[in-house]
4 protein chains.
Amino acid sequence: MNSNYKNIIENAYNKAKSLKDKGQLATYIPELANVDPSMFGVHMTKVDGSNFGIGNYLIKFSIQSIAKVLSLTMAYSILGEKLWKRIDVEPSGTKFDSLLLLETYNGIPRNPFVNSGAIVICDVLVSHLDNAKEEFLEFVRDLSGLPELTYSDKIADSEKAYGYRNSALCNFIKSFGNIKNEPAEVLDFYFDMCSLEMNCQQLSYTFTFLANGGRKLVDGKKIISKSKCKRINALMLTCGFYDESGEFAFKVGLPGKSGVGGGIVALYPNNYTIAVWSPLLNPKGNSYKGMKLLEDVTTYSELSIF
Amino acid sequence: MNSNYKNIIENAYNKAKSLKDKGQLATYIPELANVDPSMFGVHMTKVDGSNFGIGNYLIKFSIQSIAKVLSLTMAYSILGEKLWKRIDVEPSGTKFDSLLLLETYNGIPRNPFVNSGAIVICDVLVSHLDNAKEEFLEFVRDLSGLPELTYSDKIADSEKAYGYRNSALCNFIKSFGNIKNEPAEVLDFYFDMCSLEMNCQQLSYTFTFLANGGRKLVDGKKIISKSKCKRINALMLTCGFYDESGEFAFKVGLPGKSGVGGGIVALYPNNYTIAVWSPLLNPKGNSYKGMKLLEDVTTYSELSIF
Amino acid sequence: MNSNYKNIIENAYNKAKSLKDKGQLATYIPELANVDPSMFGVHMTKVDGSNFGIGNYLIKFSIQSIAKVLSLTMAYSILGEKLWKRIDVEPSGTKFDSLLLLETYNGIPRNPFVNSGAIVICDVLVSHLDNAKEEFLEFVRDLSGLPELTYSDKIADSEKAYGYRNSALCNFIKSFGNIKNEPAEVLDFYFDMCSLEMNCQQLSYTFTFLANGGRKLVDGKKIISKSKCKRINALMLTCGFYDESGEFAFKVGLPGKSGVGGGIVALYPNNYTIAVWSPLLNPKGNSYKGMKLLEDVTTYSELSIF
Amino acid sequence: MNSNYKNIIENAYNKAKSLKDKGQLATYIPELANVDPSMFGVHMTKVDGSNFGIGNYLIKFSIQSIAKVLSLTMAYSILGEKLWKRIDVEPSGTKFDSLLLLETYNGIPRNPFVNSGAIVICDVLVSHLDNAKEEFLEFVRDLSGLPELTYSDKIADSEKAYGYRNSALCNFIKSFGNIKNEPAEVLDFYFDMCSLEMNCQQLSYTFTFLANGGRKLVDGKKIISKSKCKRINALMLTCGFYDESGEFAFKVGLPGKSGVGGGIVALYPNNYTIAVWSPLLNPKGNSYKGMKLLEDVTTYSELSIF
């Protein structure tokens, strides 16, 4: 990696680090409330293989909703464009777990990244795979190069115990006929999927296929077609940050996805991926320092997709 | 322009032209219902100055909401980031003239491209300019290199006579205090602004400053800073096509803006702008053939921002 | 009037009077903010002609939305059941000036007492009368026995100057085609209609026809059929207090109508009408002390329609 | 019963019976779709003990949501006015199983008769009774004088198997903290409660306590205080027919409650109760012929509460 990027990331990291601690830990998943709020790390992986990290970039955290991009990738590669009969591709304009728009649109989630959409994606995988949990885990192990990766039972159990809102969403969609399996089975997979843990280095590496035209860096293996890869990137840009997606596109200008664990991954096509983690969230549920750092990185590098 | 682009555009044009006529003329502005529905033209202008057009690309049409990008540019350059206290930057998730979200968000429009947001932009210009109508016209004349450009009274009058929905929006925002001038004055400017007419060649040329880092092609004159230019492009990507914005980002993958006159302008930063016109609209209010043509252009050129 | 009612009213009056002043003056009509907030009066008129008042029951106040019952009566007697093609008869579940439900129901107001519904009623009267303002005034003069009654220019002008929300409603309904005349003309009548002033004695007397099967007390003149009279009473019960209608039915149990001037009129069919006035409003826009007094009156008299 | 009522009911029955069959069987509970659609019966019980029935008034049917009045009565008598911290008393303005307003009002159902409200009532009973199912059954057995009354397993099982919408509602309210027990337990009771079966004679008799100031006809036993009895009646008037409540108040003018099994019970305080059953439903989910019959009964008897 050339020194320019390093400098920009270091500067952005130090500037964001010195911010008085704003934001709050996610509390609706009890286990997430136990995280050390001072954690802050960032790691960039370039498609040329060079990479750079700073801060707590080797500490694992719960990637939560970031995993929705991976389950979408798997479902999209299986079903192709038919997938969009079950889910739309529009920004929701509302909170990540809102039921409002579902009622308006007859059980068709607005996009695959709001909770309702990610639940439908899980339903698709349950229908089309012999063992969705295992096969999805294998898929992520392959992408990440982490053969030991497992679901975190502690996180999944914590979320299951308090996941009434997601249970409401799943049953609601089922009542419209857009969930084909039993809600309990779909939710069980959903909670496991969201329980994956990675550190910033692993996370930025795992997402490189989306900055690389759909192919893995290490061996060029095609994960998804170039066209589908672009479309997933477009979805991240328009829908990746719930009702703050417009703000992220406006200020950062990169496709990305956040999770309530405080992680964010973003990418500049044909160039790099970057993963940042700070568990204190802004009122929209996105990492407070992570958003600031990424804004600085694209401002000073003058490299956004726009 | 290299022949590759020409071929791609020609092919996409011919393919879209042969589509059985789908879509409908805009009817809510009576004057727009008189347009010849068979019109179809496209024109690309590259930042290197080369350009290419095909079909009815020299016939003028009402650019309608496309002008909102230009009034936003003017207001943004005057107020800077303070502008965003009056308007948000999030996709609306609803129809272009919906009042629903205004009520939820206390009179703050979701973004500058829904009607309510564009009306607030007009209010800003009325407040900050001596003569908003004349100065905005001068601004567009300068951008377009068309010193004779004028508002179309016929279109503006037609819209004024039936503009009850926009009048409702303006009075509604005023009731929240987010319109500072009298609704009648703001609307008068709004209807004039939307009445501008250009052909595809002129329109693609006018927008080149947004593909050129905020500077005019002809003389390098700075219209808006590079950072603001990128942010306007980001807004076009996330909000430029009403509740079909996600679809356009997904399938075309370029910042763009449509108008109910059947025009669409889109741009690839540092590369080109493209304007297309076909007055038959899909159910979301965007040009049916224009959307198809642009999808083909980016699919075959493999050049989208993603 | 038998002494029992007198006692109950006196007790309820004294109890409510001693409440520490809660509530706020209406402020969105500037002229209403000038009213003496300590005013408090009540007057009952029985259908046997006996009547009784206490407190400031001879001081005039702006009856505001209470007049909507009278304009509805006039429009209903003219159009009959055809009226309900233009307006529904369902509680709105939302604030009195909400636009939300209008969008959902394509410009058909939920009932004649939300602002949108009352504006459609005005439109109906403008269409069917030679001079709606004068003929409506004559109608109310006849009902009230007050030949000198006039619109209050001061109140009407004050409301017109700040009536952006109502202007939004009227233009919005017009955009759906459910206003037939020009918004300016309809609103001019609407603001005048809401500007009428009466005292509690006059107000309770004016409404006696609704407690008397549709006929005036003084001469038995039929104002409206018995069936229509009952239906207007039903509408007052289900819709007379905006999103507090259920609460009023629940606690008071009488058909009634409130106005933001702090007046409330209620009635017990075949028995009495009662008008109360205290200008301090609760958060729902209904008279704070007025509601309390009426609750006590029906609790202690054990006479509600239930 | 005097012959006048008999005649009015007979005439209304014959008139409604001759209506060409409109409406549809409820289909969302599979077991209800098996009912003979030609069934039609009505039965009136006067508080003087006289009674009269015609048609299939001795055939049992699933009373469904009508049971919500009885569970409300039980919960209200236990908790008193504290109950209204958990549920509001306002008409919803929306469909019976809508989630929209729940989101707006933070998990507080609009009233006890929409599904969400009835589910909260079940939660209250589960919390305050040793065995909610048995004690509620005992309560209804006492009211109805039917010691053999039981829940219908066939109906309850049918509803449980397809009750995804109600499961969504219960989990959604739980996510706001307004359900205290486990959703599965609350729903199990809810589905049983809605599975009760009675014929028109039994149903009209069971409800006589609400027409009799809260006391049973047979022995004067106090079920609920007079004041609470009136309030339950007020709730039935404003909220008993979902988003057709206003229409029922307007045309029939009596407190009442409908169920998707096609039953309706209505009452005239201090006078009579009437139960009607015809399983074909109008688009709002209320019995088509039942509504017509009751409208005729109050029109011709000229006896409504208004």
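If a residue has to be of a type in the set (D, E, K, R) and under 26 Å from C:Arg215 (Cβ atoms) to count, how many in region C:107-129 make the cut?
0
Scan (1) more than 16 Å from the chain's Cα centre (by Cα); (2) surrounded by fewer than 24 Cβ atoms within 10 Å (Cβ to Cβ) for the single condition D:Arg231 breaks and write down its number.
For D:Arg231, the failing item is (1).
Looking at B:Ala249, B:Ala234, B:Ala211, which one is farther than 22 Å from A:Asn111 by Cα and not assigned by TED's automatic domain parsing to the domain that holds B:Pro147? Talk me through it step by step, then tell me what you get.
Numbers: B:Ala249 fails: farther than 22 Å from A:Asn111 by Cα; B:Ala234 fails: farther than 22 Å from A:Asn111 by Cα.
None of the others qualify; the one that does is B:Ala211.
Scanning region A:270-299 for residues that are within 13 Å of chain B (Cβ to nearest Cβ) and surrounded by fewer than 21 Cβ atoms within 10 Å (Cβ to Cβ), which turns out nearest to A:Lys15 (Cα to Cα)?
That would be A:Asp296.
Do you know which residues across region A:145-174 are within 11 Å of chain D (Cβ to nearest Cβ), surrounded by 22 or more Cβ atoms within 10 Å (Cβ to Cβ) and in a helix (DSSP H, G or I)?
Listed by number, the residues that qualify are A:Asn166, A:Ser167, A:Ala168, A:Leu169, A:Cys170, A:Asn171, A:Phe172, A:Ile173, A:Lys174.
Kindly evaluate A:Thr273 against the criterion of being at pLDDT 95 or above, β-branched (Val, Ile, Thr) and out of contact with any Pro (no Cβ under 7 Å at 6 or more places or on another chain).
Against the criterion (at pLDDT 95 or above, β-branched (Val, Ile, Thr) and out of contact with any Pro (no Cβ under 7 Å at 6 or more places or on another chain)), A:Thr273 qualifies.
Between C:Gly220, C:Gly177, which is part of a loop (DSSP other than H, G, I, E, B) and within 14 Å of chain B (Cβ to nearest Cβ)?
Matching residue, one of C:Gly220, C:Gly177: C:Gly177.
Out of D:Val276, D:Val186, which single residue is within 20 Å of D:Ile63 (Cα to Cα), among the aliphatic types (A, V, I, L, M) and touching a Leu at 6+ places or on another chain (Cβ under 6 Å)?
Numbers: D:Val186 fails: touching a Leu at 6+ places or on another chain (Cβ under 6 Å).
Answer to the check: D:Val276.
crowded, with 24+ Cβ neighbours inside 10 Å and within 10 Å of chain B (Cβ to nearest Cβ): does that describe A:Gly253?
Spelling it out, A:Gly253 is indeed crowded, with 24+ Cβ neighbours inside 10 Å and within 10 Å of chain B (Cβ to nearest Cβ).
Got a number for residues in region C:18-33 being more than 12 Å from C:Leu280 (Cα to Cα) and not in a loop (DSSP other than H, G, I, E, B)?
Summing the residues that are more than 12 Å from C:Leu280 (Cα to Cα) and not in a loop (DSSP other than H, G, I, E, B) in region C:18-33 gives 2.
Can you go through C:Ser278, C:Ser304 and tell me which one is touching a Ser or Thr at 6+ places or on another chain (Cβ under 7 Å), at pLDDT 95 or above and polar (S, T, N, Q)? I'd like the intermediate steps shown before the answer.
Numbers: C:Ser304 fails: at pLDDT 95 or above.
None of the other options fit; the residue is C:Ser278.
Only residues in region A:25-52 that are over 30 Å from A:Asp219 (Cβ atoms) count as the first member; pair them with residues that are of a type in the set (Asp, Glu) and not in a loop (DSSP other than H, G, I, E, B), Cβ under 9 angstrom, at least 6 apart or cross-chain, and list the lot.
Between residues of region A:25-52 that are over 30 Å from A:Asp219 (Cβ atoms) and residues that are of a type in the set (Asp, Glu) and not in a loop (DSSP other than H, G, I, E, B), the close pairs are A:Tyr28/A:Glu159; A:Ile29/A:Glu159; A:Pro30/A:Glu159; A:Glu31/A:Asp157; A:Glu31/A:Glu159; A:Leu32/A:Glu159.
Since B:Ser116 meets every condition but one in (1) over 16 Å from the mean Cα position of the chain (by Cα); (2) farther than 30 Å from B:Thr45 by Cα; (3) in a helix (DSSP H, G or I), which condition does it not meet?
B:Ser116 satisfies every listed condition except (1).
One line per residue, one yes/no per condition, for (1) crowded, with 16+ Cβ neighbours inside 10 Å; (2) among the charged types (D, E, K, R); (3) under 19 Å from the mean Cα position of the chain (by Cα); (4) in the same structural domain as C:Ser144 (by TED's automatic domain parsing):
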| site | (1), (2), (3), (4) |
| --- | --- |
| C:Pro30 | no, no, no, no |
| C:Ser38 | no, no, no, no |
| C:Gly41 | yes, no, yes, no |
| C:Thr45 | yes, no, yes, no |
| C:Ser71 | yes, no, yes, yes |
| C:Tyr76 | yes, no, yes, yes |
| C:Asp88 | yes, yes, yes, yes |
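How many of the residues in region B:223-240 are more than 10 Å from chain A (Cβ to nearest Cβ) and of a type outside the set (Val, Ile, Thr)?
As a first pass, look at region B:223-240 and keep what is more than 10 Å from chain A (Cβ to nearest Cβ): B:223-225, B:228, B:240.
Narrowing the set further to residues that are of a type outside the set (Val, Ile, Thr) leaves B:225, B:228, B:240.
Result for region B:223-240: 3.
The rows are residues; the columns are (1) modelled with pLDDT under 95; (2) among the basic types (Lys, Arg); (3) under 12 Å from A:Val265 (Cβ atoms).
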residue: A:Ser175; (1), (2), (3): yes, no, no
residue: A:Ile179; (1), (2), (3): no, no, no
residue: A:Glu182; (1), (2), (3): no, no, no
residue: A:Phe191; (1), (2), (3): no, no, no
residue: A:Leu196; (1), (2), (3): no, no, no
residue: A:Gln202; (1), (2), (3): no, no, yes
residue: A:Ala211; (1), (2), (3): no, no, yes
residue: A:Val218; (1), (2), (3): yes, no, no
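The values are calculated or read from the model by the stated rules, or taken from the named source; none is laboratory data. Computed from a prediction, not measured in an experiment: that's the story for all the values here. All Cβ positions, glycine included, derive from the backbone under ideal geometry; neighbour counts span all protein chains shown.
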